[in-house]
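A.B. asks: Can you keep this structure in mind? I'll have questions shortly.
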């Protein structure tokens, strides 16, 4: 799975108790979690991190860069409430609701 393509199979859900603890390994700020996609997404850097079997793969070298279209899709979904912000924030790192601009 990449940040540019939605995950095809059902993703194992990330334990909700982890959300307040997770940050982007690059900018150390909040991420957006898309449970149906198994994706943690940084809208500021346009980086996606996969969740495999319920385990977040937060390695900078494993991040996938999202193109403009995928970024627009993810941020629109976040605005509709389809994502949860990490670090216990309703807003991810100074962006609007759910961390989107």
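A.B. asks: Taking the stretch 80-95 as the search range and keeping residues that are modelled with pLDDT of 95 or more and touching a strand residue (DSSP E or B) at 6+ places or on another chain (Cβ under 7 Å), which one is farthest from residue 31 (Cα to Cα)?
C.D. replies: 82
A.B. asks: From the set of residues in the stretch 14-23 that are assigned to a loop (DSSP other than H, G, I, E, B) and out of contact with any helix residue (DSSP H, G or I) (no Cβ under 9 Å at 6 or more places or on another chain), which is modelled with the lowest pLDDT? Show your work before the answer.
C.D. replies: Within the stretch 14-23, the subset assigned to a loop (DSSP other than H, G, I, E, B) is 14-15, 22-23.
When the remaining residues are screened for being out of contact with any helix residue (DSSP H, G or I) (no Cβ under 9 Å at 6 or more places or on another chain), the result is 15, 22-23.
Numbers: 15: 92, 22: 97, 23: 98.
Top of the filtered list is 15.
This table checks each residue for (1) modelled with pLDDT under 95; (2) surrounded by 20 or more Cβ atoms within 10 Å (Cβ to Cβ); (3) in contact with a strand residue (DSSP E or B) (Cβ under 6 Å, 6 or more places away or on another chain).
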{"position": "3", "(1), (2), (3)": "yes, yes, yes"}
{"position": "8", "(1), (2), (3)": "yes, no, no"}
{"position": "12", "(1), (2), (3)": "yes, no, no"}
{"position": "25", "(1), (2), (3)": "no, no, no"}
{"position": "32", "(1), (2), (3)": "no, yes, yes"}
{"position": "36", "(1), (2), (3)": "yes, no, no"}
{"position": "40", "(1), (2), (3)": "no, yes, yes"}
{"position": "47", "(1), (2), (3)": "no, yes, no"}
{"position": "53", "(1), (2), (3)": "yes, no, no"}
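A.B. asks: Which residue pairs have Cβ atoms under 6 Å apart, sit 6 or more places apart or on different chains, and have a first residue in the stretch 2-26 that is farther than 22 Å from residue 88 by Cβ and a second that is at pLDDT below 85?
C.D. replies: 7/1
A.B. asks: Considering only residues that are touching a residue at least 12 places away in the same chain (Cβ under 8 Å), farther than 11 Å from residue 25 by Cα and not in a loop (DSSP other than H, G, I, E, B), which ones fall in the stretch 56-68?
C.D. replies: 56, 64, 65, listed by residue number.
The values are calculated or read from the model by the stated rules, or taken from the named source; none is laboratory data. Since we're looking at a predicted model, the values are computed, not measured. A quick note on method: Cβ atoms are made from the backbone with ideal geometry, for glycine too, and the neighbour counts reach across all protein chains shown.
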